[in-house]
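Structure first, then comments.
Laboratory data are not the source of any read-out in this text; all were calculated from the coordinates shown. Being a predicted model, the structure only gives us computed values, none of them experimental. Cβ: placed from backbone, ideal geometry, glycine included. Neighbour counts: every protein chain shown.
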Amino acid sequence: MSGSQTKARVGTLAQIGTITRYNFLNYFRARRFYVMLAIILLISLLLTVVVGYYRPVSFLGLPGEPVSTAVLGFYGAGWGGFVSLVVILSAAFFGGDAISGEFQNRTGYFLVPNPIRRSAIYVGKWLAALVASTIILAIFAAITLANGLYYFPGNVPWQFEQSFVFAWVYLVAALSLTFAFSSLFKSSSISILMSVILLLFVFSVVDTVSSAVVGIEPWFSITYGAGIITSILMVQYPPHLQTQSLGSALGGANRTGARFEITTYNATVPEGLEILVVYFIVMAVIGLWLFERKEFT
Amino acid sequence: MTPSIEAVQLTKNFGSFPTVSGLNLKIQGTKCVGFLGPNGAGKTTTMKMFTGLIGTSSGSALINGVDVEKDKKAALASCATLIETPEIYASLTPKEALGMLCEIRGVPRSERNKRIDEALGRVKMTEWEKKKVGSFSKGMKQRVNVASTLLSDPEIIILDEPSTGLDPRGMSEVRDIVRSLGDRLVFMSSHLLAEVTEVCQEVAMIDHGKLLVYDSIENVTSKFAGGGGTVEVGFAREVDDQVRAKISRMPGVKSVAKSNDRHLSVSFDSKVVSLDGLFESIAGLKAGAVSFEQGKGLEDAYLSLIKETL
């Protein structure tokens, strides 16, 4: 009989590698990678020009301020202020339609009916998205670092290195979330849109409402966990719980005794990492479960 | 091991609607089996269950004895598939797309280029092997899809309307390819009965998700097409009544109708005269017969078994 003598049973790891490689190639060929790169370069260019021209104190510090404080301010404003956006856009760009596209574009009909587990396809595509996103994140970090070294030669705070690692962990968790959404929907545009809306707006609103209005720590929110990326860049790591008085309500404390207070929670580093890792695991399981059951109808 | 495909009480419901209902079908050996049925009969749904594109509601789809739902990787190890008209990543070239499948399917590295070149050559796409698939027409993509089924030297090939989107030449080339796969088990759905008659030895017909018949084309034709078949005989010159009368009197011939000046449609009883026997008898008349095309036996059987569409 033809066939079986001339081909070997391929291991799942090798198949994952194949899917990763060809999907990564597809990102490059489809110009998706270059569009994302252009966005990052544009953000970096704007920051470079603004800092160079206006020399804002939020970036370069006040005159006489210690360098160790000023340098943290620079990375906090330049990196901390934008890295979440970079992570969210990368996750949406590379992961938002990774699975839904197989259904909408019918490419799944070419790939799925082969001797390969769906989980291998899922993991392979996820790894391709992670590699592409990591390159984007690394480029953004490199430009920030180059600018930082220009203004503060030879001074790279250890907090920036940690912040980069936290941002990468956030990227891992965000990709897991966007892949889960991608498995849920059959339309690429809906899954991308839902991912962006959730990560950019919904979670932030939930964080604010939960902590400031209801007074509950938003431990269930991925963006709350990701707060450690910026918190680590502060001179003093912010306290876990902060209560801020915004003055008097109903005529002031003198008349009623009531004051308007805002509660702010800040995730500690272990807590933030825990939230991100749990998001990664839970969303990976949900995404895989959905993809395994989703039908090409 | 003899290649086999088996549906055991295979059922698929979409909501409360049963698309495939308790289908039992066992196909074994190296042959081509046509899978026929009207639109919505459950052909594609059945094939999707055999290829892991959809799950079963109950029952099993077995390939070489392995349940696809339980272990798709093992079940499809020696099986190539073409379901509907798949799209290929638009940014890849046919060579790259087929390279990806070679890797997934375990074609040895040393043989990959040769296999890809051969497969693309068979579907006449060599010239386009380094162009991006995104610029291809539907027919060109389908040629690459057909090529993808030839890569890993599979024992079993499942084809769902492989000629879809192809021009007449492409259809003819696909028929030639399927015909050349004689040492494999080919399970092919099609609405083109002439195509099935030409390339398949057996047919399975389903309607409303249930198997109506599975047998050799000859048996199905003789059982359900009024006990015989039809051949269209072409002549080099105008056929006169004398020739027509001589054919009418041949054993097993039920009727002879004039299709046009140079063609006769001969209806015969296959229990009395075989197709090759009839061919020899007509050629023996030396009346200028130049073509002999098997006619509508399968179509008659189909129409007698399947009374309505949808």
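Quick one: B:Ser152, A:Ser68, A:Ser204, fewest Cβ neighbours within 10 Å first, how do they rank? Please list the in-between numbers first.
Numbers: B:Ser152 27, A:Ser68 12, A:Ser204 16.
Ranking B:Ser152, A:Ser68, A:Ser204 by Cβ neighbours within 10 Å, fewest first, gives A:Ser68, A:Ser204, B:Ser152.
Using Cβ counts within 10 Å as a stand-in for footprinting exposure, how do B:Phe235, B:Phe17, A:Phe93 rank, fewest first?
Numbers: B:Phe235 18, B:Phe17 9, A:Phe93 23.
Neighbour counts put them in this order, fewest first: B:Phe17, B:Phe235, A:Phe93.
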Tell me the label-point distance for the pair B:Ala245, B:Ser291, using the 7 Å Cα-to-Cβ offset, in nm and rounded to one decimal.
2.8 nm
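How crowded by other chains is A:140-147, given as the mean number of beta carbons from other chains within 10 Å of each beta carbon? Display every interim value, and only then the final one.
Working: counts 0, 0, 0, 0, 0, 0, 0, 0.
Counting Cβ atoms of other protein chains within 10 Å of each residue's Cβ and averaging gives 0.
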So for R0 = 45 Å, FRET eff. of A:Ile281-B:Gln28 from the Cβ-Cβ r, to 0.05, ends up at 0.50
What is chain B's relative contact order, in percent, from Cα pairs under 8 angstrom and six or more apart in sequence?
20 percent
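If you stretched the chain out fully between B:Lys210 and B:Ser16, how much longer would it get, using 0.36 nm times the residue separation minus the C-alpha to C-alpha distance? Write out the running numbers ahead of the final one.
Working: separation 194, 0.36 × 194 = 69.84 nm, distance 1.62 nm.
Taking B:Lys210 through B:Ser16 to full extension adds about 68.2 nm, to one decimal.
Which percent, nearest 5, of DSSP beta bridges in the protein assembly as shown are antiparallel?
On the way: 45 of 63 bridges.
Just about 70 percent of them are antiparallel.
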Taking Cα centroids, how far is the range A:168-219 from the range B:1-68 in Å?
40 Å
Amide hydrogen neighbours beyond the local backbone of B:Leu211, cut-off 5 Å, H modeled:
B:Asn24
³J(HN,Hα) across the range B:108-125 via Karplus (A = 6.51, B = -1.76, C = 1.60, θ = phi - 60°), whole Hz, x for Gly/Pro?
x, 3, 5, 9, 4, 4, 4, 4, 5, 4, 5, 5, 5, x, 5, 9, 6, 10
I'd like the FRET efficiency for A:Ser119 and B:Leu303, computed as 1/(1 + (r/R0)^6) with the beta carbon distance as r and R0 of 41 Å, rounded to 0.05.
0.35
Net lengthening on full extension, A:Leu45/A:Ser187 (0.36 nm per residue, minus Cα-Cα):
47.7 nm
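Per residue of A:22-31, count partner chain C-beta atoms within 10 Å of its C-beta, then hand back the mean as an integer. Working shown, then result.
Working: counts 10, 2, 0, 5, 6, 1, 1, 8, 6, 1.
The shielding value for this peptide is 4.
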³J(HN,Hα) across the range B:148-165 via Karplus (A = 6.51, B = -1.76, C = 1.60, θ = phi - 60°), whole Hz, x for Gly/Pro?
5, 7, 9, 4, 9, 6, x, 7, 10, 10, 9, 10, 9, 6, x, 7, 4, x
Starting from the Cα coordinates of the range B:225-305, work out the convex hull volume and express it per residue in Å³.
75 Å³
With no solvent and one point per C-alpha, what does the Debye sum give as log10 I(q)/I(0) for chain A at q = 0.09, 0.11, 0.15 Å⁻¹?
-0.53, -0.75, -1.16
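Other chains' Cβ within 10 Å of B:146-157 residues: what's the mean?
On the way: counts 0, 0, 2, 0, 0, 1, 7, 7, 5, 4, 1, 0.
Per-residue shielding by partner chains comes out at 2.
Per DSSP H run of n ≥ 4, the term is -39500 (n - 2.57); total these for the protein assembly as shown, divide by its residue number, and report the mean residue ellipticity at 222 nm rounded to 500 deg cm²/dmol.
Details: 25 runs with 292 residues, N = 607.
Value at 222 nm, helices only: -15000 deg cm²/dmol.
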The range A:1-100 - Rg and Dmax from Cα coordinates, angstrom
22.6, 83
For the Cα atoms of chain A, what angle does the longest principal axis make with the long axis of helix A:83-95, in degrees from 0 to 90, nearest 10?
20 degrees
Could you work out how far helix B:94-105 tilts from the main Cα principal axis of chain B, as a 0 to 90 degree angle to the nearest 10?
80 degrees
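Using the Cα gyration tensor of the protein assembly as shown, with a ≥ b ≥ c the square roots of its eigenvalues, what is the shape: rounded (a/c below 1.5), prolate (a/b larger than b/c) or oblate (neither)?
Numbers: a/c = 3.51, a/b = 2.68, b/c = 1.31.
Note, shape of the protein assembly as shown comes out prolate.
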Treating the beta-carbon of each Lys and Arg as +1 and of each Asp and Glu as -1, no other charges, what is the dipole magnitude of the range B:189-310 about its Cα centre, to the nearest 20 debye?
440 debye
5 Å-binned pair-distance histogram of the range B:100-187 (Cα, whole percent)
3, 14, 25, 25, 21, 10, 2, 0
Projected label distance in nm at B:Glu280 and B:Glu84, using a 7 Å step from Cα toward the beta-carbon
5.0 nm
Under 10 Å, Cα contacts only: if you run a Gaussian network model on chain B, which one of B:Glu129, B:Glu111, B:Glu218 comes out with the highest mean-square fluctuation?
B:Glu111
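Suppose a student asked you for the relative contact order of the range A:78-159, using Cα pairs under 8 Å spaced at least 6 residues apart; what percent would you report? It would help to have the intermediate numbers written out before the result.
Details: 28 pairs, mean separation 31.5, N = 82.
Across the range A:78-159, relative contact order equals 38 percent.
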What is the angle, in °, between the Cα long axis of helix A:158-184 and the longest principal axis of the Cα atoms in chain A? Nearest 10 is fine, range 0 to 90.
50 degrees
A correct Stokes-Einstein calculation for chain B, using the alpha-carbon Kirkwood radius, 25 °C and 0.890 mPa s, returns a whole-number D in µm² s⁻¹ of 116 µm²/s
Gaussian network model of chain A, Cα within-10 Å springs - most flexible of A:Glu271, A:Glu102, A:Glu65:
A:Glu65
Calculate the spin-label point distance for A:Arg31 paired with B:Leu192, positioning each point 7 Å from the Cα along the beta-carbon direction, and give it in nanometres.
3.7 nm
Distance from the range B:241-310 to the range A:48-109 (C-alpha centre basis), Å
78 Å
Find the Cα radius of gyration of the range A:112-250, compare it with 2.2 N^0.38 Å by division, and give the number to two decimals.
1.34
Report the calculated FRET efficiency for A:Ala138 and B:Ser58 (r = Cβ-Cβ distance, R0 = 60 Å), to the nearest 0.05.
0.75
